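What follows is a structure written as structure tokens; I'll ask about it next.
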Amino acid sequence: EMQTEIEKLSKLANYSKDDGELSAYDGVMKFYSELNKKKEYIKTGFKVLDKKTFITKGDYIVIGGRPSAGKTAFALELATTMAKKLNVVFFSLETSNEKIYDRIMANKATVRLEKIKNRTVEKEDNDNIVEAMEIVSKLNFKTVKASGKTVSWIKSKALKLKADIIIIDYIGLIKSEGKSRYEKVTNISLDLHTLSQSLGITVIAL
């Protein structure tokens, strides 16, 4: 009898519009029908995180840390891993596109960032750089300069670029209404959370 109900629910799902409502009955039927299906989660590239976090589209994630603690480097590693399968857009509010790619290439080619910044790359680094270029150039990844922009602007851009995941670096520089910094950041965070839920886009905010 339960199998019959599940089949009915499956047929209903094919033509019913999702209006955000789900009854307890439909909820458990949906749960049971998908119980033996392997669920795909978004991989971070860090095994310890993947064992503890189960990231899906529409999640809102905040990465916190002190200045110069490595938040941007960590976020870029997440971005380049996720961009192997999904469309990732990195909104930078304090770093130029060129500097972002300097950091990505230094990491992927295992060349010290100082060498790339000072343009003192040695001949023995060239093979690693060329190999890294081939890998990075194939990623579904874009950087967007967003200094002084609002959440509405970011939302519009994310839709235009058909983003699956957006990364905001960083939340405190997004333009927003509010009397205090606390109020502004709170409003920004709420708007980003709404964006992720309403559009089904994973939002990672630093």
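Could you tell me which label, among (i) 165; (ii) 133; (iii) 115, carries the value of volume of the Cα convex hull per residue in Å³ calculated for this structure?
Evaluating volume of the Cα convex hull per residue in Å³ on these atoms matches (i).
Over the stretch 94-137, what per residue volume does the convex hull of the Cα atoms give, in whole Å³? Walk me through the intermediate numbers first.
Numbers: hull volume 2.9 nm³, N = 44.
In the stretch 94-137, the Cα hull volume divided by residue count equals 65 Å³.
Kindly flag which residue pairs out of 115/145; 57/155; 38/155; 38/162; 38/85; 138/175 have an alpha-carbon separation exceeding 27 Å in this structure.
Working: 115/145 25 Å; 57/155 15 Å; 38/155 31 Å; 38/162 25 Å; 38/85 17 Å; 138/175 32 Å.
Beyond 27 Å: 38/155; 138/175.
Quick one: Cα centre-to-centre distance for the stretch 178-206 and the stretch 112-127, in angstrom?
38
Please report the equivalent ellipsoid semi-axes of the stretch 112-206, computed as sqrt(5 x eigenvalue) of the Cα gyration tensor, largest first, in whole Å.
Values: eigenvalues 236, 63, 18 Å².
In descending order, the three semi-axes are 34, 18, 10 Å.
What's the carbon and sulfur percent of the stretch 152-206's accessible surface, probe 1.4 angstrom, rounded to a whole number? Intermediate results must be reported in sequence, preceding the final value.
Working: 1540 of 2990 Å².
Percent of accessible area from carbon and sulfur atoms in the stretch 152-206: 51.
The values are calculated or read from the model by the stated rules, or taken from the named source; none is laboratory data. Just so we're clear, the structure is a prediction, and the values are computed from it rather than from any experiment. Each accessible area value is taken on the protein alone, full model and side chains, heavy atoms only, with ligands, DNA and RNA left out. Shrake-Rupley method; radii C 1.70, N 1.55, O 1.52, S 1.80 Å.
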